[in-house]
Amino acid sequence: MPASPHHRPDDTTAGPAVPWLALGVLLAGLGTVLLGPILPAISLRWHLTDQQTGPLFFAKFLGSFIGGISVPRKLRWGILSGTILACLGFSAFGLATGLATGSLTLFIAGIGLGQIIASTNILAGRRYTHQTGSALSSLNFFFSLGAVLTGLIVAALEPRFGLRNLLFYIAAAFLATSLGGRLGWIKPSTNAGAPDLSHLEIGEQKPEETSPLNTPHKLPRHIFIRFALFLFLYGGLETCLAGWLTTYTVRYSDDHLVGGQSAIVLLLIALTAGRALSSVALRFFREATIQRLGLVLSFLFIAGLSTAHHAAALSLWSILLGLSLAPFFPATFALLMHRNPTAREAGFILAVSGLGAAAFPWLMGIVSTHTGSLREAMAVPATLALLLLAVSFIHSEVTPS
């Protein structure tokens, strides 16, 4: 039986207050890219080749896919269970002794991350119906910030405390966020004084000015496939770069670059700054326009990165690449949310990014091993950027924001 209008807002938009949403997304960003910065240490410790590290990426992002497609209708429960599973997975990964146990524990952590990312983005899309792209870009600023902090945290703390203790600390942060978010749940429809994303300057209406929620409905098949393909390819593109850039820096830079972390830190700082800029740009330009411009520039910058031989050039290309990639996810997910998909559809579309993130970094490792050059393996993310650009011109009808 359909929920009454009195209960509908609680089912779709109730959940952690904005500070806890932001902290959860920040930790999800940290957890998503964590494997890349620690990969050289893991490969050395477990004596893995590039190809053999593939199952670690695959397990983590397969878990993310499972987490995304299992997002519950009451999104607050997805956020709660996701933070708990991420805590369990990363703490167990700290105790792993080889590829098999490492893959299993990363699979568990991936399920948690998938639930956090899908549930939080859908909740934000439902809660903030005005200037959705700007709202999602503001929220994902914290995801990128978490990703930025990952490289800095690994570079600063791993040599001092060891990888195992570092993973325990990260797991504890997920647990604390789980408890805090549960205690800080709000019901926007009944609590006009509750915090909202206006603190982040996204232009959201006050609760009394917000238009009624549009009823979610099933997407046409071709629209569903198009957005699923977007997220599948983009998940692979971003993770290829985040997962392999540290290793790439160690091998090809003429400078130490703080243990190989500087390039990935610069990429993620630029991605974070780009998300903040995107929040403003998406108020004035169509999502599809910004999406395509970013993809064209991304292809060119990946090509430049693959030819870099010096630390300065590698750093410059990393910064430009982060800026060009920044608008894609918020712009694309805003286009999706304008069509009012059901939570299960939106969760599945987000989840397939985990499949791309699992498959394409593994493919990069295979290409690198068989060609003997990680530089040549950069053809994988470059091709993904071109494929995304091609998909953006398929059925380009956009629902007005």
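The values are calculated or read from the model by the stated rules, or taken from the named source; none is laboratory data. Just so we're clear, the structure is a prediction, and the values are computed from it rather than from any experiment. In this analysis, Cβ positions are derived from the backbone assuming ideal geometry, glycine residues included, and neighbour counts consider all displayed protein chains. Side chains are part of the model used for accessible areas, which takes the heavy atoms of the whole protein and leaves out ligands, DNA and RNA. Shrake-Rupley method; radii C 1.70, N 1.55, O 1.52, S 1.80 Å.
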Q) Stretched out fully, how many nm does the piece from ALA172 to LEU277 gain, at 0.36 nm a residue minus the Cα gap? A) 34.6 nm
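Calculated FRET efficiency, LEU297 and ILE225, Cβ-Cβ r, R0 30 Å, to nearest 0.05? Write down the numbers at each step before the final one.
Details: r = 26 Å, r/R0 = 0.87.
The value I calculate is 0.70.
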Q: State the Cα centre-to-centre distance between the range 160-179 and the range 324-401 in whole Å.
A: 30
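State the percentage of accessible surface on the range 233-350 attributable to carbon and sulfur atoms; use a 1.4 Å probe and exclude ligands, DNA and RNA.
On the way: 2870 of 3980 Å².
With neighbouring chains kept in place, the figure for the range 233-350 is 72 percent.
Counting only heavy atoms of the protein chains, get the accessible area per residue of the range 44-144 (1.4 Å probe) and round it to a whole Å² value.
32
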Q: May I ask you to order 174-180, 314-320, 220-226, 352-358 by the average number of other C-beta atoms within 10 Å around their residues, highest value first?
A: 352-358, 314-320, 174-180, 220-226
